[in-house]
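Asks: Got a structure for you, questions after.
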Amino acid sequence: MKIGVLSRNAHLYSTNRLVEAARARGHNVEVVDYLRCYMDITSERPDVLLFGEAQTFDAVIPRIGASHTFYGTAVVRQFEMMGVYTVSPSEAISRSRDKLRSLQILSRAGVDMPVTGFAHATKDIDGLLDTVGGVPVVVKLLEGTQGSGVVLAETRKAAGSVIEAFRQLDANILVQEFIEEAGGADVRLIVIGDRAIAAMRRKSNPGEFRSNLHRGGTATVIKVTPELERVAVAATESMGLGVAGVDILQSVRGPLVLEVNSSPGLEGIEGATQQDVAGEIIRYVEENLSLPTRRSGRA
């Protein structure tokens, strides 16, 4: 099988691991910088080209960066027009990247999540806060990523100041209830197909409520319980993704989904769990294309 990994950097841990796992299972694999690709979209035979050469694959694994979602999903969609299997469809990636849309989809699918309000230029700050149950609240820029543009407001005065500041930026904001019992920790599960194959608990540093690993959070392996798997798989399926990282807060009401990530990093989860997540992704590609496999090495 010939596999294309759509990534801007072949040296990134996640990209390198996917290449390593694919080769270990006997496949040809190439890393393609999707921003350098261009497309022939008008002919009867659509193409994706790179330096004048048509890019032909049996399957592609999208690793589309959040800042390049529009063009990246256009390239994925072009491969779909060519009949190439994509691990996560372009429309599913777009859904997951739009925070508001993804939360609306999760709500419609009956997936539990923190109580959330959405606003742009509202002057009814008290009404917005009451919608989510009052303070403390987490205020998020709709366009923020990896914990940026996220502020914990513990009083109505603080919340009002933050919302006013974001309003001056002409920004769309999400206001979300603060799950105090989570204790500054969340759970990241990797879902592949209809299974959650790995899970870790991410714990924030003292004085920080965001548990992102790149912000200094720590990760420990945890068991994938049936309840966590049920919620994570339901969230992934509601987006239409084949592979996802699902972030969950554990609350007194049960698991609450924070976010569904279409290009989850592999370094943290593989390091914490010692599981071959990259190999499982390649296995998923094989199963969907019903091609024979050949195992060797780590994968």
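Asks: Does residue 136 count as surrounded by 13 or more Cβ atoms within 10 Å (Cβ to Cβ), touching an Asp or Glu at 6+ places or on another chain (Cβ under 6 Å) and farther than 23 Å from residue 236 by Cβ?
Replies: yes
Asks: Can you confirm whether residue 4 is under 21 Å from residue 94 (Cβ atoms) and modelled with pLDDT under 95? Reasoning before the result, please.
Replies: On the way: under 21 Å from residue 94 (Cβ atoms): yes; modelled with pLDDT under 95: no.
Judged against the criteria, residue 4 is not a match.
Asks: Looking at 197, 179, 190, 163, which one is crowded, with 17+ Cβ neighbours inside 10 Å, within 16 Å of residue 251 (Cβ to Cβ) and at pLDDT 85 or above? Spell out how you get there, then give the answer.
Replies: Values: 197 fails: within 16 Å of residue 251 (Cβ to Cβ); 190 fails: within 16 Å of residue 251 (Cβ to Cβ); 163 fails: within 16 Å of residue 251 (Cβ to Cβ).
Step by step, each of 197, 179, 190, 163 is checked, and only 179 is crowded, with 17+ Cβ neighbours inside 10 Å, within 16 Å of residue 251 (Cβ to Cβ) and at pLDDT 85 or above.
Asks: May I pose another question? Please work out which residue is farthest from residue 137 (Cα to Cα), limiting yourself to the range 166-176 and to residues that are surrounded by fewer than 20 Cβ atoms within 10 Å (Cβ to Cβ) and of a type in the set (S, T, N, Q).
Replies: Applying the filter and picking the extreme gives 168.
Asks: When you check residue 222 against the structure, is it under 18 Å from the mean Cα position of the chain (by Cα), within 12 Å of residue 200 (Cα to Cα) and not acidic (Asp, Glu), yes or no?
Replies: Numbers: under 18 Å from the mean Cα position of the chain (by Cα): no; within 12 Å of residue 200 (Cα to Cα): yes; not acidic (Asp, Glu): yes.
No: the conditions fail for residue 222.
Asks: Here's a follow-up. Name the residues in the range 268-282 that are touching a helix residue (DSSP H, G or I) at 6+ places or on another chain (Cβ under 8 Å), among the acidic types (Asp, Glu) and part of a helix (DSSP H, G or I), would you?
Replies: 270
Asks: Does residue 225 fit the bill of being assigned by TED's automatic domain parsing to the domain that holds residue 101, in contact with a strand residue (DSSP E or B) (Cβ under 7 Å, 6 or more places away or on another chain) and polar (S, T, N, Q)?
Replies: no
Asks: From the list 17, 36, pick out the single residue that is closer than 26 Å to residue 271 by Cβ and either charged (D, E, K, R) or out of contact with any Ser or Thr (no Cβ under 7 Å at 6 or more places or on another chain) (or both). Explain how you work it out, then say what you get.
Replies: Numbers: 36 fails: closer than 26 Å to residue 271 by Cβ.
After ruling out the rest, the residue left standing is 17.
Asks: May I ask you to say which residue of 285, 231, 257 is in contact with a strand residue (DSSP E or B) (Cβ under 7 Å, 6 or more places away or on another chain), of a type outside the set (Lys, Arg), at pLDDT 95 or above and assigned to a strand (DSSP E or B)? Talk me through it step by step, then tell me what you get.
Replies: Details: 285 fails: assigned to a strand (DSSP E or B); 231 fails: assigned to a strand (DSSP E or B).
Of the residues listed, the single one that is in contact with a strand residue (DSSP E or B) (Cβ under 7 Å, 6 or more places away or on another chain), of a type outside the set (Lys, Arg), at pLDDT 95 or above and assigned to a strand (DSSP E or B) is 257.
Asks: For the range 234-254, name all the residues that are touching a Lys or Arg at 6+ places or on another chain (Cβ under 9 Å), assigned to a helix (DSSP H, G or I) and either more than 17 Å from residue 63 (Cα to Cα) or without any contact (Cβ under 8 Å) to a residue 24 or more places away in the chain (or both).
Replies: As a first pass, look at the range 234-254 and keep what is touching a Lys or Arg at 6+ places or on another chain (Cβ under 9 Å): 238-241, 245-248, 250.
Then keep just the ones that are assigned to a helix (DSSP H, G or I); that gives 238-239.
Within the range 234-254, just 238 meets the criteria.
Asks: Right, here's the next one. For residue 73, indicate whether it is in contact with a Lys or Arg (Cβ under 7 Å, 6 or more places away or on another chain) and either of a type in the set (Lys, Arg) or not in a loop (DSSP other than H, G, I, E, B) (or both). Lay out the reasoning, then the answer.
Replies: On the way: in contact with a Lys or Arg (Cβ under 7 Å, 6 or more places away or on another chain): no; either of a type in the set (Lys, Arg) or not in a loop (DSSP other than H, G, I, E, B) (or both): yes.
When the stated conditions are applied, residue 73 does not pass them.
Asks: Right, here's the next one. Please state which of the following conditions residue 103 fails to meet, knowing it meets all the rest: (1) out of contact with any Ser or Thr (no Cβ under 8 Å at 6 or more places or on another chain); (2) over 25 Å from residue 11 (Cα atoms); (3) not in a loop (DSSP other than H, G, I, E, B).
Replies: Single failed check for residue 103: (1).
Asks: With respect to residue 149, determine if the residue is more than 18 Å from the chain's Cα centre (by Cα) and at positive phi. Give the derivation first.
Replies: Values: more than 18 Å from the chain's Cα centre (by Cα): no; at positive phi: yes.
No; evaluated as a whole, the condition is false for this residue.
Asks: Moving on. I'd like the full set of residues that are surrounded by fewer than 17 Cβ atoms within 10 Å (Cβ to Cβ) and without any contact (Cβ under 8 Å) to a residue 60 or more places away in the chain, limited to the range 54-66.
Replies: 54, 56 - these are the residues of the range 54-66 that are surrounded by fewer than 17 Cβ atoms within 10 Å (Cβ to Cβ) and without any contact (Cβ under 8 Å) to a residue 60 or more places away in the chain.
Asks: Another question, if that's okay. I'd like the full set of residues that are surrounded by fewer than 19 Cβ atoms within 10 Å (Cβ to Cβ), of a type outside the set (Asp, Glu) and modelled with pLDDT under 95, limited to the range 84-100.
Replies: 100
The values are calculated or read from the model by the stated rules, or taken from the named source; none is laboratory data. This is a predicted model, so every value here is computed, not measured. Every residue, glycine as well, gets a Cβ built from its backbone with ideal geometry; the counts of neighbours run over all protein chains shown.
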